[in-house]
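Read through the structure below, which is laid out as structure tokens, and then see the notes.
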Amino acid sequence: MIEVRQLNVVSGAFRLVDVSLQLEPRESVVLMGPNGAGKTTLLEAICGLRRITAGSIHLNDRDVTLEPPAARAIGYVPQDVALFTTMSVRDNLAYGLKVRRVAEDTLNERVREVAQALRIVGLLERSPSRLSGGEARRVAIGRAIAFEPEVVLLDEPLAGLDEATRDEVCIALEAMRQATGAAVLHVTHEPRDAERLADRVLRLESGQVRHDERFVASGAAGSDRQPRLAKHPR
Amino acid sequence: MIEVRQLNVVSGAFRLVDVSLQLEPRESVVLMGPNGAGKTTLLEAICGLRRITAGSIHLNDRDVTLEPPAARAIGYVPQDVALFTTMSVRDNLAYGLKVRRVAEDTLNERVREVAQALRIVGLLERSPSRLSGGEARRVAIGRAIAFEPEVVLLDEPLAGLDEATRDEVCIALEAMRQATGAAVLHVTHEPRDAERLADRVLRLESGQVRHDERFVASGAAGSDRQPRLAKHPR
Amino acid sequence: MPVDAPAPPHRSRDRSFLLAMAILGGAYVVLIALMVVADLASTNVASLSAAIRSPEIRYATALSLASATASAALSVVVATPIAYLLSRGQEGRESTRPRARAAAYAAVDALLDVPIVLPPLVVGVSLLVLFRHAPFSWISEHVVYEIPAVVLAQFVVACALAVRTLRATFEQIGVRQEQVALTLGASRATAFWTVMLPQARPGLVAAATVSWARSIGEFGPVLVFASATRMRTEVLPTSVYLELQAGNLEGALAVSVLMIALAAAVLVLTRVLGQSRLAV
Amino acid sequence: MPVDAPAPPHRSRDRSFLLAMAILGGAYVVLIALMVVADLASTNVASLSAAIRSPEIRYATALSLASATASAALSVVVATPIAYLLSRGQEGRESTRPRARAAAYAAVDALLDVPIVLPPLVVGVSLLVLFRHAPFSWISEHVVYEIPAVVLAQFVVACALAVRTLRATFEQIGVRQEQVALTLGASRATAFWTVMLPQARPGLVAAATVSWARSIGEFGPVLVFASATRMRTEVLPTSVYLELQAGNLEGALAVSVLMIALAAAVLVLTRVLGQSRLAV
Amino acid sequence: QRPNDPAELVVYCAAGARPAVEAIAQSYHGETGVHVTLQFGPSGGLETQIRLSDRGDLFLPAAESPYLDRTRADGTVSTVTPLAQQRLVIGLAPRSAAKIGSLAELIDSGLAYGLCNEQAAAGYYARRSLEPLGLWKATAEASTATLPTVTELAEAVRYGGRLEAAIVWDATAIEFGLRSIDVPELSGAIAKISVGVLRSARDRVAAERFVAYLAAIDRGQATFIAHHYAGVGGLAWRDPAE
Ligand SMILES: Nc1ncnc2c1ncn2[C@@H]1O[C@H](COP(=O)(O)OP(=O)(O)OP(=O)(O)O)[C@@H](O)[C@H]1O
Ligand SMILES: Nc1ncnc2c1ncn2[C@@H]1O[C@H](COP(=O)(O)OP(=O)(O)OP(=O)(O)O)[C@@H](O)[C@H]1O
Ligand SMILES: [Mg+2]
Ligand SMILES: [Mg+2]
């Protein structure tokens, strides 16, 4: 569950003013909006990577506005991928589990699971520095979901993926959501992805978030997610 | 004009074996293929950034296989954007003109033109470090085309652009091609982009390049480019 | 306006650029090599073997190696947090009191150059002066003129050099990977250990190298603060000094050559070991 | 298996980590500050004003500033190509003769530590010995015991420190931006000047700082190679040494304090100027 | 310090005097079992160490004046005992063929020669003896370089290449293999090497005992003479402890 209330962020000349949004558990929401609308800024603020000037952020009914990023337990896929360059792909995937001191066995199994779902098993021992764009993106996704966070923020997770992989990654993300009941906020520019992944679509434009009428309908109709939502009435 | 003959590149465990392809002047060709197929590797080899183990590369009927990158005069948009972090956006755009000692006036005008076409006029005095993903991508495109190269290699130039901007960038790229008669090789994963931009679509798969039948038809039918191609019968 | 420069100039320009660089840099490398050759030519095998057989020199060698290693380790350990805090602190420019903060940083920064700027003997004198006063005077008896003084004297200068090197390194490294580590649940400490430090590896190696080399070559502060007592606080630079004072240039150069050989062996070995670990 | 750590420990752990770092690093900063205070306390206004009024000290001040600046500039100019070639050369691992290449690098690398490892007096002696032989002997009369000797003696050591710092910096910087510059038509030289060097700015600043500071504090090599002729080759560290020889501790510390003040002023000023240019 | 053990003595010793003093300390240890710890350094540096550390028993600088004069004046050192003496000479590079009979000839010859800074003993004595003769200014002005210690100066003449001569101690000249030339202008420049007992000495009796040994004509002084210093006369060794 993510709730953002009247969030204000200043980033140089750019500012987000009084942005509010709300995600139920298990809900998958797509955030769209033109380049430079502040989508990444918003996600980073939710992660705790941006100083916010006003407003509050609640995750699972806990006010985390002043918490450090680590306390928020968010699975975050940055737009710029930002893999850990000094670790192998395996260690990148395992990072969130290692810092939680997850037992060796569980950890290895979980890494294998994620790698299989994202089709990066063959890359596990490689260094991230020479991965192709699409490979790197998948590792970033795997790193964010391996520790099974309850809140997942994905900043253009499908950018640079080929068609076949895109399908598989969508399936993997959906499976992850089913398994953990996480609330997922995606950023994408691709209406197709929005249609496919979203229970709801939000638009960020001139600093304001609003429902996208086009997608609310199709998203609600085109998926079997509504019932599940009902099971978790906030 | 780009001609690649029997190109071999080794990159760790990955290798491109005997890749050949050919682009006429003014031709716009889209290169597709799964993640990790070697598209970026191929583009970098054409740019002169990879040591090639066999084969040759010809640009405008000149064998550039042993030339340094600067002598090839290719407009290259890297997949990882790689803007010059220590310069303003304006200086990024002007870089290719500056190193060619283009007169101040021409340079300024050209930068303005490109910035307008790509809708980044407002960013000109900014540092690249805080640009949004889509903004940065557009700057990278502008930097590559500002000096009006005769050969342009674009590695996923539209990734991360919002829909409206994507249209405008496509128009700008098309205008550039009209104006300079450049041969353009795009990499993309998006069939829509392929359809829209390509005279022809090539597929790179398991180290081999082949025509994509689906797109050859649609590309030829759906555009008015065939006549222009005919005017330059190589 | 397609601008197409002709091809050949490019390649030859690139060559002459690299050549110019190689000449400029090579001149210095050759100068150093010639200095070493000059030293070698001015000593002789007899002096060298006398040096190696002398128990005083052996003791000094052992003490030099041990103290320089201790001092370098200490330097890196202490310089790392300083350099990290300085480099990361300055990024938080949106501070509430930017002026005061900037002034504090400038002051600390200037202070950190003091051990490099101070003439060597004065570093030793300053330490002596310091150890006349509490709380240092409480342990003065176990430090001044004793082995801990050797390490401390070396450390004071070496650490300042390590800070400079590491700070440049940390400033070069972006915060992005650290940020992602934080979102993944790492505490700042964990992010620092697992993400930041591995990225800083070349800088850490350079800092360790430079502080070790400086420590082993350190003379002035050691002479004043630890004294030059044979078989107790005599390190190799002290041996060299004493030989020079006794008019034994061959002996002094023999010990210097020994130092060069030792240092080269240690540094190359460390590098090779470090490299092979890296190459995995 | 959603793992959700409770909140409070995170923040307090982060705090204690930063605190631990601040304490570890702060200890050194405080130590240096105390050394400066100790020096200040052991001198007096009379000695200070005597130092400032003495024409010899004034001359030494001017010579120190000028020679250190020359030496630092020269160091950065020479160290940059060395560091660049070393850091970029090693990346081309797909070389035809990797073994030979690696050995050559290791040798140059070890050589570059020699001026840091050598005890100060030996650096001076080595230079003296070198200048007895052609081709150096041809210009010996204009160098040895003259002002060029001051600069050369400072440069030999300062440059080695600059190389270490810059090399760590260059290794930290990826080749990507340089590569893109090449595709845009830049020669390697142009790419180096316009793309590489600006990225290396923190390292260049650190290298300049450290070599300037080291040059102004340099004593042993200057003493031997340039002598301590008053009003000719006397620099501030020599003045300090002479005061110490004369048993005038207050005077020696007064000159030292002067040096610290000068160096701090210069370094802070440079930094402020540099920063403001950067802040655009 | 352990009271009953053979006491350990700490002696601050000018680095230039190391060869002689080290030998003496060794034989003293052999004869009495007392361990003598020698701390070497430039005399002025040692003086500073003594003042700042308030430790040690004896101070043996490169020359009595000015070091022991100063320290005696402020009470840092009490009794001062002469051990040997040396005189200033012109040291010529071993390879040099120059024929020099006086300081004036040296100045006129155009040979590059060096002096010691007057803060060091050798410079101090040179000035003190040449100033009354009205020669100091000319000597200083015609010199090529001034070095802060006499050993670096001698080293420079022997190996350095540029200096051909220098005003140095006779003992130093011999030690560094220079041709030592007595000149009339410097005939009065004789410096005593003396040892002073420090105020900080914990066991004055032990300190005086070693001083006696150092000064004994058949012990310490003999060694100094063997190291090219001139003697100052005195008594043979009689252990005061017996
Ligand atoms: N320091 C700054 N000064 C001025 N503008 C800034 C600064 N930092 C960020 N911005 C601007 O803030 C806007 C929001 O950036 P953000 O990365 O959040 O956009 P986005 O919605 O993620 O865009 P994209 O779809 O391209 O990724 C951008 O226009 C960016 O240029
Ligand atoms: N040093 C290496 N060792 C092993 N594999 C490597 C190495 N360097 C590159 N590769 C592999 O080469 C393949 C080609 O990479 P390239 O970046 O050219 O792919 P791409 O077609 O551009 O993919 P994408 O669509 O994801 O951008 C990738 O699978 C990559 O992992
Ligand atoms: Mg974004
Ligand atoms: Mg690619």
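The values are calculated or read from the model by the stated rules, or taken from the named source; none is laboratory data. Everything quoted here is computed from the prediction, not taken from an experiment. All Cβ positions, even for glycine, are placed from backbone atoms using ideal geometry, and neighbour counts span all protein chains on display. These accessible areas exclude ligands, DNA and RNA; they are computed on the full protein's heavy atoms, side chains included. Shrake-Rupley method; radii C 1.70, N 1.55, O 1.52, S 1.80 Å.
Observations on the structure shown:
- The protection proxy used here, the mean number of other Cβ atoms lying within 10 Å of each residue, ranks peptides E:99-107, B:126-134 as follows, highest first: B:126-134, E:99-107.
- Nearest-ten-degree value, helix A:163-180 long axis tilted from longest Cα axis of chain A: 80
- Nearest 10 degrees, 0 to 90: helix B:104-117 Cα axis against chain B principal axis: 70
- Surface composition of segment C:53-279: carbon and sulfur atoms hold 67% of the protein heavy-atom accessible area at a 1.4 Å probe.
- Summarising the label geometry, the points placed 7 Å from Cα in the beta-carbon direction at A:Ala103 and C:Ser54 lie 6.4 nm from one another.
- Charge dipole (debye, nearest 20) of the protein assembly as shown; +1 at Cβ of Lys and Arg, -1 at Cβ of Asp and Glu: 1180
- Accessible area buried between chains B and A, both sides summed, probe 1.4 Å, in Å² to nearest 100: 1600
- Summing both sides, the accessible surface hidden between E and C at a 1.4 Å probe radius is close to 2200 Å².
- Per-peptide average of other Cβ atoms within 10 Å, ordering E:113-124, C:77-88 highest first: E:113-124, C:77-88
- Rg to Rh quotient for the protein assembly as shown, alpha carbon positions, Kirkwood Rh: 1.07
- Label reach from B:Gln6 (point 7 Å along Cα→C-beta): in segment B:32-62, amide nitrogens under 13 Å belong to B:53-57.
- Per-residue mean of C-beta atoms belonging to partner chains within 10 Å, peptide A:63-70: 6
- Å² of accessible area per residue within the protein assembly as shown, as computed with a 1.4 Å probe and no ligands counted: 37
- Of the DSSP H helices in chain D, those whose Cα atoms cover at least 30 Å axially and whose Kyte score averages -0.5 or more: D:7-41, D:55-91, D:147-172, D:249-278
- Exercise: per-residue mean of other protein chain Cβ atoms within 10 Å, B:75-87: 5
- Distance from the C-alpha centroid of segment C:135-208 to that of segment A:82-103: 24 Å, rounded to the whole angstrom.
- Pairwise label distance in nanometres, D:Glu250 with D:Arg176, each label 7 Å out on the Cα-Cβ vector: 6.2
- Modelled label positions at B:Asn60 and B:His211, each set 7 Å beyond Cα in the direction of Cβ, lie 2.8 nm from each other.
- With N as its number of residues, segment E:31-74 has a Cα radius of gyration that, divided by 2.2 N^0.38 Å, comes to 1.25.
- The fraction of all Cα pairs in segment D:182-280 landing in successive 10 Å bins from 0 to the largest distance is 13, 30, 24, 18, 10, 4, 1, given as whole percents.
- Taking D:Ala62, D:Ala103, D:Ala27 as the candidate residues, the one with maximal mean-square fluctuation in a Gaussian network model of chain D, Cα springs under 10 Å, is D:Ala27.
- Largest-first principal axis extents, alpha carbons of segment C:53-279, Å: 62, 47, 27
- Cut-off under 5 Å, modelled amide H: who pairs with E:Arg199 long-range: E:Val77, E:Ser78
- Average partner coverage of D:100-113, which counts Cβ from other chains inside 10 Å: 5
- Dipole magnitude for chain D: about 700 debye, using +1 per Lys or Arg Cβ and -1 per Asp or Glu Cβ, origin at the Cα centre.
- Helices in chain C, meaning DSSP H runs of at least 4 residues, each add -39500 (n - 2.57). Divided by all residues, the mean residue ellipticity at 222 nm is -26500 deg cm²/dmol.
- Percent of alpha-carbon pairs separated by more than 30 Å within chain B: 22
- Heavy-atom accessible surface that A and D bury in contact, both chains counted, 1.4 Å, Å² to 100: 1100
- To the nearest ten degrees, helix B:213-222 and the longest principal axis of the Cα atoms of chain B are 50 degrees apart.
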